[in-house]
1. Rounded to whole Å, give me the distance from the Cα center of the stretch 46-70 to that of the stretch 77-102.
2. Taking only C-alpha pairs under 8 Å that are 6+ residues apart, what is the relative contact order of the stretch 45-126 in percent?
3. If you keep only loop residues by DSSP, which trypsin sites (Lys or Arg not before Pro) in the stretch 64-115 have at most 12 other Cβ atoms within 10 Å of their Cβ?
Amino acid sequence: MTTKKYVLIRGIPHLKTLLVVVALAAVCLTTVSLAQNKKNASAWFQSGKEKVSNKDFYGAIDDFTMAIESKPDFAKAYYHRGLAYLRYNQKSKLRSKVYLEKARADLMKAKELGFAVDQKYLDESQ
């Protein structure tokens, strides 16, 4: 019968140091990732505004959505996406209550996040 020998790794203190270094690296990468997300959110937001100025409301909705996904508390993006839904609904030949509901939800979310929403847009979304 053979016996197994278990060997303790003498470098355990080094293993702890390695784990601390890995944890710090993860924190740094998360910080960089968050900064990149904010940068992406801003880029998507600007792209959405350009599309609105070109009357590409559907494309603007997509870009504002990407901005919101990158930065979920981006009140201004919710506000502009709400307006884009309103404009898209006005432009569309098949007006839909769904777009009005989405517009209202976005405008209310922007308001909830502290953005000053003009009452006329909330009224228009009903």
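1. 12
2. 26
3. Lys93, Arg95
No value in this document is a laboratory result; all are computed from the given coordinates. On a predicted model such as this, the values are computed, not experimentally measured, just so you know. Using ideal geometry, Cβ is built from the backbone for each residue, glycine included, and neighbour counts are taken over all protein chains shown.
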